[in-house]
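The values are calculated or read from the model by the stated rules, or taken from the named source; none is laboratory data. Note that the coordinates shown come from a computational prediction; the quantities given were computed from them, not determined experimentally. Note that we place each Cβ from the backbone using ideal geometry, even for glycine, and neighbour counts take in every protein chain shown.
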Amino acid sequence: MSEKNRRDSKTVLLVEDEPRILRFMSISLRASGYNVVSTMRGDHAIDLVKAEKPDVIILDVFLPGMDGFGVLRELRTFSRLPVIVVSARDSLGPEALALGANEFIAKPFKPDDVIKRICAILRE
């Protein structure tokens with residue numbers, strides 16, 4: 001099975017409230033062979049985790065409805081799903097990791113860097 005075909009079966013939940021970043025990351029992830037489910041609201045993320053069963057989450061910290069840390073706290077009550085937290089405030093990295101994030105990436109970032117982290121987490 002090729003790398004792209006393996007990725008076709010993997011789903012990324014992208015939780016990002018900046019439309020430009022959401023669109024750009026969705027395009028980049030799909031071009032790399034991932035299925036993408038997205039929301040711009042933190043309070044919708046938990047419902048999408050339960051409904052869509054993603055393989056990994058890319059989670060912004062500052063979101064409407066529920067911030068990324070609230071999403072992460074709630075998620076960790078029922079799931080060990082891999083989470084990559086992203087934020088323009090790199091000082092939030094230690095808190096994200098302490099709450100159970102697998103990775104932290106400071107904005108701005110290159111989509112390829114995020115995709116490499118996803119590959120490492122999913123061991124592709």
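Determine the pairs where a residue that is within 16 Å of residue 118 (Cβ to Cβ), located within region 32-49, has a partner that is among the acidic types (Asp, Glu) and outside any strand (DSSP E or B) with Cβ atoms under 8 Å apart, the partner being 6 or more residues away or on another chain.
33/3; 33/8; 34/8; 35/8; 37/52; 38/16
For residue 68, work out the one condition from (1) at pLDDT below 95; (2) among the small types (Gly, Ala, Ser); (3) touching a strand residue (DSSP E or B) at 6+ places or on another chain (Cβ under 7 Å) it doesn't fulfil.
(1)
Of all residues in region 67-122 being among the hydrophobic types (A, V, I, L, M, F, W, C) and in a loop (DSSP other than H, G, I, E, B), which is surrounded by the fewest Cβ atoms within 10 Å (Cβ to Cβ)?
Looking at the filtered set, the residue picked out is 78.
Quickly run through region 20-66 and pick out the residues that are surrounded by 16 or more Cβ atoms within 10 Å (Cβ to Cβ) and assigned to a helix (DSSP H, G or I).
21, 22, 25, 26, 28, 29, 42, 44, 45, 46, 48, 49
Checking the condition at positive phi and not charged (D, E, K, R), which residue from 42, 100 passes?
Only one candidate qualifies: 100.
For the condition of a type in the set (Phe, Trp, Tyr) and over 13 Å from the mean Cα position of the chain (by Cα), what is the one hit in 69, 109?
The match here is 109.
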